[in-house]
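Comments concern the structure below.
What follows is calculated from the coordinates using simple rules that are stated; it is not laboratory data. All figures in this text were calculated on a predicted structure; none of them were measured in a lab. Please note: Cβ atoms are built from the backbone with ideal geometry, for glycine as well, and neighbour counts cover all protein chains shown.
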Amino acid sequence: MTTEQIRQQQATGFRNLRFAPVLEEAYRQSRASLIRQRARPVSVAGLILFLIYAIMDALTLPPELATITVSIRLAITCPVIAVVVWLAHRTVPSDSTFERIYTLAYLLGGLSVVAIIAAARQIAFPLPYEGMILMLMFGYFAMGLPFFSASMVSLVLVISYLLTELWSGMSGSAIATNLFFLTTANVIGMVGAWTSEYRHRAHFLDRQLLNRMHQAARDESRRKTELITAASHDLRQPLNVIDITLESLTPGKGGSGANSATRQLKDMIRHLRRLLGTVFDSARLNEGMIQADIRPTPLATIFRDIGDLLADSVVTSEVNVEIDHSAGNLRVMADPSLLSRVLQNLVFNAVQHSGGSTINLSAQGLDTQVLLEVSDNGIGLPDELNDTLFSPYVRGQGQTDYPGLGLGLTIVREFVALMRGTCGVETEPGQGSVFWVRLPSAVTTTRGPEPDSRTLSGCEHQAG
């Protein structure tokens, strides 16, 4: 069964309640399974009803007739229904075999009603035929049998009733009247059964198509994961080779011009590496590939790595980046690699877009939490970015207009959320901005933010 076959069947239609062979077999298996599930409550209800009818017969019918009707109900009908209840809760027989047994139980139940009517006619007791109508409605609607099965069995029951009335000598007009109402009830049941099965078949096609779309999406996600993993390695490897080659060049070789060119090349390689890292981080987040490994993490190592990363950057040569290494003794509950990426994104975002001359990276302990801040003395953030700052592909326009994708702050927000922290920004036009991240401290028991905290959840933006 393929997606194309399902769509073709939907386009062709199935007014005769038949699919193409490849779909029909799968549908019947699904239908049989659902009928077995439906039979469990329905057969229990049917058993209770027939037991109630047996009690009512004993109380309301003449003794000679009650003896026959109660015997039929207790010796034939109820045991048959009890067997259906038992089989409905077992793994054997198969669902298809159980469906046939279920249909046979409907036939035997209907014939038992015909037998009760025949017994009443034999002793000239005016037992009404409404029991046949109730049985037909029960088979069509409560039992939920397929259209063709329910229609054929119901036709057999109506014919059996007709023969019983002819055998009892009922007048032709009375038989015609009863047969009219029985036929009307049977037609209503047939229409209802056809509509129900048609709708069920349509839902079956929809479910099958949806399942295949989900499977295709899962396959595509798996292929994306494999592509991201392979591309991450293959694209970074030549950059590493170039970087190693540049590192091997002596600083004085070729004069100051050559040294300046080497620094610019190294800076562009670092930028390209960060750009690739941003793309892959975004892709991995979208695919759910990133899981935070939260553990006690010292800030000293992360601050030192960021300082080394900034040391030879041409972009930061005209911007003073100050790192508060005295806060390195603080420890947070975080994923070291994710936290490093968060702080790198915030620092480089400030360098490239703030328009300031000084960037500060600092941290301080606040009871059970640690507050990390990246502040600048730049131009602040425009009002139009207030609601979209942490959204994908939103970029500020700093003095350098440095190339980028506008994903840095989005990744910050997602990474901080993975580490069960909060983040945000405070800004005032002309007075710079302060981007901050709040994470649980590794020293004390983790609690939520205090009532007077600046953030309750998520990433917040505050403008002056």
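Protection proxy ranking, highest mean first, for peptides 53-62, 331-340: 331-340, 53-62, where packing is the per-residue count of other beta-carbon atoms within 10 Å, averaged. Using 0.36 nm per residue and subtracting the Cα-Cα separation, the extra length available between Leu104 and Thr301 on full extension is 63.2 nm.
Look at the Cα gyration tensor of segment 73-112: its axes a ≥ b ≥ c give a/c of at least 1.5 with a/b at or below b/c, and that counts as oblate. Here segment 139-189 and segment 1-60 have alpha carbon centers that stand 21 Å from each other.
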